[in-house]
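Shown next, in structure tokens, is the structure this report addresses.
The values are calculated or read from the model by the stated rules, or taken from the named source; none is laboratory data. Since the model is a prediction, treat every value here as computed from it, not as a measurement. Ideal geometry is used to build each Cβ from the backbone, glycine not excepted, and the neighbour counts take in all protein chains shown. Keep in mind that these areas ignore ligands, DNA and RNA; they rest on the heavy atoms of the full protein, side chains included. Shrake-Rupley method; radii C 1.70, N 1.55, O 1.52, S 1.80 Å.
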Amino acid sequence: MSAPLYIGLMSGTSLDGVDGALTAFDGALHAAYVPFPEPLRQILFTLQSAGFNEIEREALVANQLVQLYAQCVHQLLSDAGLSAAAVKAIGVHGQTIRHRPDLGFTRQANNPALLAELTGIDVIADFRSRDIAAGGQGAPLVPAFHQAVFGSPTATRVVVNIGGIANLSVLRADSSVLGYDTGPGNVLMDAWASTHLGTPYDPSGEWAASGRPAPEMLADLLAEPYLSAPAPKSTGRDLFNPEWLQDRLARFSGIAPVDIQATLAAFTVRSIAQAIQRDAPEAEAVYVCGGGALNTHLMRCLQHELGKPVASTEALGIAPMHVEATAFAWLAARFCDGLPGNLPAVTGAQGPRVLGALYPA
Ligand SMILES: Nc1ncnc2c1ncn2[C@@H]1O[C@H](COP(=O)(O)OP(=O)(O)O)[C@@H](O)[C@H]1O
Ligand SMILES: [Mg+2]
């Protein structure tokens, strides 16, 4: 019998869309991407902070999201020439609207019951809550997967996922893993590009590359206490949001918008590089996944800052935009096999836990 197939669905803090992966973890992979229509994206933005009647607004947006999740699943099935019956389970992350492990909760807009109904496939959802219930951060969850697929028995490898937020996995040769959110990935650059370019992001980082970082502002951004706080730690738009940026910008005047973009790019680069220099100085190479891998300027600056090779995870066999979705397929497989999905050394949970809840087809 061939290995069971799983689907992973991820929509992250960038609020760009849903990435899907269909795989049996044997090297073959089908991927699909469904971008969020602008009105949905706007509603998701407004749900990131407190507002009127948010319980109902969250429920309604979750139903809209799940329509896109289902569309992504159907696209994967049709690309692979498979029927729903061929897939063992879907692992769906949902869309984070609050992440407050310090208060004992994390919240992803999602409707896994509807997804099971629309696809006819078992759905595993809500992966983060159990880790938080066990005293953990509930994040990042991907380091366990990174270790399983990217770890090396002979060298320390570093994998950095640069989505809206950036998270680091230090994969040591003895198979121990360190991981945490380093701080902002694209989220601040995206916000600034959207204001000044009118585009959701700065393509390839070209706009940032045409400016010059402002040293005083960069120093001020780097003074953010989150960066030097000890792990375990995780963050999101709860901290790194437009208000956070406005607050910092108000301290400076006379910096051109393009130089602010260059400064925000340098901030992302420096915060990631500092974490790597502190926790994995021995790493010979750094592998990047997430949309940040497509930002040529960011990749070039990171390599320059670190003085070691920086490649995309393509070099290790998975294209950068497919890694996180594949991780949620892997987490679904862990659930189905009754195996833990968290790494207590990463999240700070009291122990390994089976993550997620099942909504049968
Ligand atoms: N061609 C590109 N050039 C620069 N940045 C890009 C490009 N493509 C994607 N990105 C960045 O990647 C982000 C999406 O990355 P993703 O890994 O999906 O993040 P998340 O998990 O937070 O949704 C976009 O918001 C954008 O900032
Ligand atoms: Mg995304």
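Residue check: Pro281 meets all listed conditions (1) under 29 Å from Ser152 (Cβ atoms); (2) under 18 Å from the mean Cα position of the chain (by Cα) but one, namely (2). Of the residues making up the range 269-277, not a single one is more than 15 Å from Glu305 (Cα to Cα) and either modelled with pLDDT under 95 or in the same structural domain as Cys301 (by TED's automatic domain parsing) (or both). If you take the residues in the range 186-213 that are near ligand 1 (Cβ under 7 Å from one of its atoms) and not charged (D, E, K, R), which one is most open to solvent (accessible area, probe 1.4 Å)? Among them, the one singled out is Tyr201.
Got a number for residues in the range 118-157 being assigned to a helix (DSSP H, G or I), over 21 Å from Val66 (Cβ atoms) and open to solvent by 20 Å² or more (accessible area, probe 1.4 Å)?
Of the range 118-157, the ones assigned to a helix (DSSP H, G or I) are 118-119, 129-133, 142-150.
Next, from what is left, pick out any that are over 21 Å from Val66 (Cβ atoms): 130-133, 142-150.
Okay, now just the ones that are also open to solvent by 20 Å² or more (accessible area, probe 1.4 Å), so 130, 133, 147-149.
Total satisfying the criteria: 5.
Remark: pairs (first residue in the range 54-69, of a type outside the set (Phe, Trp, Tyr); second residue assigned to a helix (DSSP H, G or I) and surrounded by 15 or more Cβ atoms within 10 Å (Cβ to Cβ); Cβ separation under 6 Å; 6+ apart in sequence or on different chains) = Val61/Ile43; Gln64/Leu40; Val66/Leu114; Val66/Leu115. Sub-8 Å Cβ pairs linking a first residue in the range 315-327 that is surrounded by fewer than 24 Cβ atoms within 10 Å (Cβ to Cβ) to a second residue that is part of a helix (DSSP H, G or I) and among the charged types (D, E, K, R), at least 6 apart or interchain, are Pro320/Glu314, ordered by first then second residue.
Selection within the range 187-206: residues that are outside any helix (DSSP H, G or I) and within 16 Å of ligand 2 (Cβ to nearest atom). The member of this set that is nearest to Gly163 (Cα to Cα) is Tyr201.
Considering only the range 16-33, I want to know if a residue exists there that is open to solvent by 50 Å² or more (accessible area, probe 1.4 Å), away from ligand 2 (no atom under 16 Å from the Cβ) and closer than 18 Å to Asp122 by Cβ. Yes, that holds for at least one residue.
Within the range 11-32, the residues that satisfy the criterion of being within 16 Å of ligand 1 (Cβ to nearest atom) and either part of a loop (DSSP other than H, G, I, E, B) or farther than 21 Å from Ala86 by Cβ (or both) are Ser11, Gly12, Thr13, Ser14, Leu15, Asp16, Gly17. Taking the range 256-275 as the range and being surrounded by 21 or more Cβ atoms within 10 Å (Cβ to Cβ) and β-branched (Val, Ile, Thr) as the test, the residues that pass are Ile260, Thr263, Thr268, Val269, Ile272.
Among the residues of the range 293-300, are any aliphatic (A, V, I, L, M), open to solvent by 60 Å² or more (accessible area, probe 1.4 Å) and within 16 Å of ligand 2 (Cβ to nearest atom)? For the range 293-300, residues aliphatic (A, V, I, L, M), open to solvent by 60 Å² or more (accessible area, probe 1.4 Å) and within 16 Å of ligand 2 (Cβ to nearest atom): present.
Only one of (1) away from ligand 1 (no atom under 16 Å from the Cβ); (2) part of a strand (DSSP E or B) fails for Glu216. Which number is that? Failed condition: (2).
When Leu227 is tested against (1) surrounded by fewer than 17 Cβ atoms within 10 Å (Cβ to Cβ); (2) within 17 Å of Gly185 (Cβ to Cβ), just one condition goes unmet, and that condition is (1).
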